[in-house]
Amino acid sequence: MATLKIQVKGQLLTVLTQDIIASGDINIDRCEFSFNKDWQGYVKTGVFYQDKSNVQYAVLDEDNTCVIPAAAMAKEGDLHIGVFGINGPALLTSTVGIHFIKEGAISGADISTDPSDDVFLAIIAQYQRIAELMHKYQETAQQFINEMNKQNKILETLNAFDVVEIKERLDIIEGKIIEYNDQVKHLIDREIIIRDVPIRFVDGVCEIQNDIITSKSLCDVYFDEYSFEYASKSLILVSSYDGYICITSSVPIDEDLTASILIRGY
């Protein structure tokens, strides 16, 4: 088992240790990265390959370490190591360092070369900003597409790492967002606020009856200033049904509260 210590200052990557690693190892050899302040706030992904037609990725954990993908060191030869980070629309890449893999006793021919899905977590995490826009139901399809295009420009700068498959997956996400937009516009057009609704929890549950509500309605509850002090101490969940909504609290609330209810898609 080997641990390669790697230093990244700005965009300069340096392999500090040269521990022996033999080809054929699986899930035992690691990289331990250290970064300067330029990398604060970035979701970081390690990049590994012996052949640029078979690039492998590994998302760094909270300690900036990762397991070296077996498919990236399946044979004797130079292992190329890099890292990139994503922070919203910003992309930061490193130079590439090299560590020599010695010939192992077991052939690496049978090692899977399928790329790890971990790298998609790092990139798709940035799409949370777009998802939040959708939940507001106040943006147009073009704005969604603009946001998506910003993310796709990031991928275009990663050509050195051969991330075509990532681009294809994110194109699917873009298609789904456009598909959802019709539903979003429908909800925007059908929105109503019911104000000063008394909220009384019994065994952690409160039902609010209203004939305009359906099981497809999206409902949000906004507590007034006094009520918020109590509601903020609990996880409040809202579910809609035909003719009523059900509000549940994760902890007992005995006080009578007041809230406004925003109903979309009634």
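Conditions (1) part of a helix (DSSP H, G or I); (2) touching a Leu at 6+ places or on another chain (Cβ under 7 Å); (3) touching a residue at least 12 places away in the same chain (Cβ under 8 Å), marked per residue:
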site	(1), (2), (3)
Ser227	yes, yes, yes
Tyr230	yes, yes, yes
Val238	no, no, yes
Ile245	no, no, yes
Thr248	no, yes, yes
Val251	no, no, yes
Asp254	no, no, yes
Ser260	no, no, yes
Ile263	no, no, yes
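Report yes if Leu235 is in contact with a helix residue (DSSP H, G or I) (Cβ under 9 Å, 6 or more places away or on another chain) and surrounded by fewer than 19 Cβ atoms within 10 Å (Cβ to Cβ), otherwise no. No. Looking at Val43, Val59, which is the one that is within 18 Å of Leu4 (Cα to Cα), in contact (Cβ under 8 Å) with a residue 12 or more places away in the chain, open to solvent by 40 Å² or more (accessible area, probe 1.4 Å) and of a type in the set (A, V, I, L, M)? Being within 18 Å of Leu4 (Cα to Cα), in contact (Cβ under 8 Å) with a residue 12 or more places away in the chain, open to solvent by 40 Å² or more (accessible area, probe 1.4 Å) and of a type in the set (A, V, I, L, M) holds for just one of Val43, Val59, which is Val59. Looking at Ile86, Ile26, Ile20, just one residue is open to solvent by 70 Å² or more (accessible area, probe 1.4 Å), at negative phi and touching a helix residue (DSSP H, G or I) at 6+ places or on another chain (Cβ under 6 Å), and that residue is Ile26.
Scanning region 4-17 for residues being open to solvent by 40 Å² or more (accessible area, probe 1.4 Å) and free of Cβ contacts under 8 Å to residues at least 40 places away in the same chain gives a total of 4.
The values are calculated or read from the model by the stated rules, or taken from the named source; none is laboratory data. Predicted model only: the values in this text are computed from it and were never measured. Quick reminder, even Gly has a Cβ in these numbers, built from the backbone with ideal geometry, and neighbours come from all protein chains shown. Keep in mind that these areas ignore ligands, DNA and RNA; they rest on the heavy atoms of the full protein, side chains included. Shrake-Rupley method; radii C 1.70, N 1.55, O 1.52, S 1.80 Å.
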